[in-house]
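Scroll down for the structure; my scribbles are underneath it.
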Amino acid sequence: MNILALDCAVTRISLAVKTESKFISATYDIGMRQSEILVPSIDELLKKAEISPSELNTTALTLGPGSFTGLRLGISALKAIELAYNVPVYGISSLEAYAYPYLDFNYPVISCIDANKDKFYCRITDGEKTVLEDGDYEIEKIVSAAQNFDTMLICGPDCNKLAEQLRTALPQKKFLLPATPAMTAESLISITEKLIEKGAEPLKDYDGPVYLRASEAEIKLNSSIS
């Protein structure tokens, strides 16, 4: 099976292509230049894997939460491939993808993204059990959920920032961090393969990103209307 996966939920873009004989991946820490580099990066990765978009069997991406712009760019790119070559798209929670490499860890896993405004997009997983569902949380909510465990691993793009706050709030607890960031696109491929095995459906035409929060533009528009 030929699979293309990408994570554009944050400014650090992760891409990977898996074929029957090759696995090619790339990471770009490019700030706000996602729109400039995403499509050329996909083209380059497919060339290295020696396949064309028409030879893909499926694609996958982080569906959110995350950057409004990044999520829209990612789904637009893969929907374009779907439209042109009838390649299905699978959408996976960003927080699920960040936690995936550590689910066999001996401790609960907190996956997070800095949501600004003193909040985090966060999920807490303990083995196969979800302790805290994907949400847009203030630190107090995360502290309340984390205090039930003695040791936890924190992962995701902004794990250092969350770890600092949790260590301050819960000094008696131990919060571990990965030595290096995991390759999110590789996790997306593994999750997608399992979804296909289970017969899960890909995204529908009308499915879009999962934001968990209204954009600044929406907030301003609603304020002006009210």
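Looking only at residues that are touching a strand residue (DSSP E or B) at 6+ places or on another chain (Cβ under 7 Å) and without any contact (Cβ under 8 Å) to a residue 40 or more places away in the chain in region 24-36, which one is farthest from Cys159 (Cα to Cα)? Walk me through it before giving the result.
From region 24-36, those touching a strand residue (DSSP E or B) at 6+ places or on another chain (Cβ under 7 Å) are 24-30, 34; that's our starting set.
Cutting the leftovers down to without any contact (Cβ under 8 Å) to a residue 40 or more places away in the chain gives us 24, 26, 28-30, 34.
Working: Ile24: 26, Ala26: 21, Tyr28: 18, Asp29: 16, Ile30: 19, Gln34: 22 Å.
Per the criteria, the residue is Ile24.
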- [ ] Give Ala5, Ala26 a once-over and let me know the one that is buried (at least 16 other Cβ atoms within 10 Å of the Cβ), closer than 17 Å to Gly66 by Cβ and in contact with a Ser or Thr (Cβ under 9 Å, 6 or more places away or on another chain).
- [x] Ala5
Task: Residues being part of a loop (DSSP other than H, G, I, E, B) and either without any contact (Cβ under 8 Å) to a residue 12 or more places away in the chain or of a type in the set (S, T, N, Q) (or both) - total across region 60-84 - done: 1
Task: Total residues in region 85-117, condition among the aromatic types (Phe, Trp, Tyr), within 15 Å of Ser190 (Cβ to Cβ) and not in a strand (DSSP E or B) - done: 3
Task: Subset of region 179-208 (residues that are at pLDDT 95 or above, under 25 Å from Ser25 (Cβ atoms) and in a loop (DSSP other than H, G, I, E, B)) - done: Lys198, Ala200, Pro202, Leu203
- [ ] Provide a single number: the residues in region 140-182 that are in contact with a Ser or Thr (Cβ under 6 Å, 6 or more places away or on another chain) and buried (at least 19 other Cβ atoms within 10 Å of the Cβ).
- [x] 2
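The values are calculated or read from the model by the stated rules, or taken from the named source; none is laboratory data. Since the model is a prediction, treat every value here as computed from it, not as a measurement. Here the Cβ is made from the backbone with ideal geometry for all residues, glycine too, and neighbour counts use every protein chain on show.
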